[in-house]
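Input: a single structure, listed below in structure tokens.
The values are calculated or read from the model by the stated rules, or taken from the named source; none is laboratory data. Remember, it's a predicted structure, so these values are computed and weren't measured experimentally. Cβ coordinates were reconstructed from backbone atoms using ideal geometry, including for glycine residues, and neighbour counts include every protein chain displayed. Areas reflect the complete protein model, heavy atoms only, side chains present, ligands, DNA and RNA absent. Shrake-Rupley method; radii C 1.70, N 1.55, O 1.52, S 1.80 Å.
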Amino acid sequence: MVNKQNRGMREMRPEQTIGYDSKEAVIQNLRDAGCSPDTIRCFMGHFDRGDWKVQLSLLEEHRESILNRVHEEEKQIGCLDYLVYRIKNRKKQAR
């Protein structure tokens, strides 16, 4: 029996609900975002079940991991900048 609300509407594939043409496009996006093969497998398992809450959780976890690495590298850049400053300042004082 057809639900009156869904009459005339076609069934949507999971990738269509997030604006992708194919599962391959979703997988490529996850690769491009630096997700591990395990994360991609897990994400796609939940993708097939339409479990977007777990999908969002996985994406947020990965984003946080990337952001933590960025912050750590910002600290390293700050340390390098300080050493460059000290060397240049010492060079000026030697003149």
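The requirement of being part of a helix (DSSP H, G or I) and open to solvent by 30 Å² or more (accessible area, probe 1.4 Å) is not satisfied by residue 40.
Has segment 19-33 got at least one residue that is at pLDDT 90 or above and over 18 Å from the mean Cα position of the chain (by Cα)? No, every residue in segment 19-33 fails to be at pLDDT 90 or above and over 18 Å from the mean Cα position of the chain (by Cα). Out of curiosity, is residue 47 in contact with a helix residue (DSSP H, G or I) (Cβ under 6 Å, 6 or more places away or on another chain), surrounded by 11 or more Cβ atoms within 10 Å (Cβ to Cβ) and modelled with pLDDT under 95? Judged against the criteria, residue 47 is a match.
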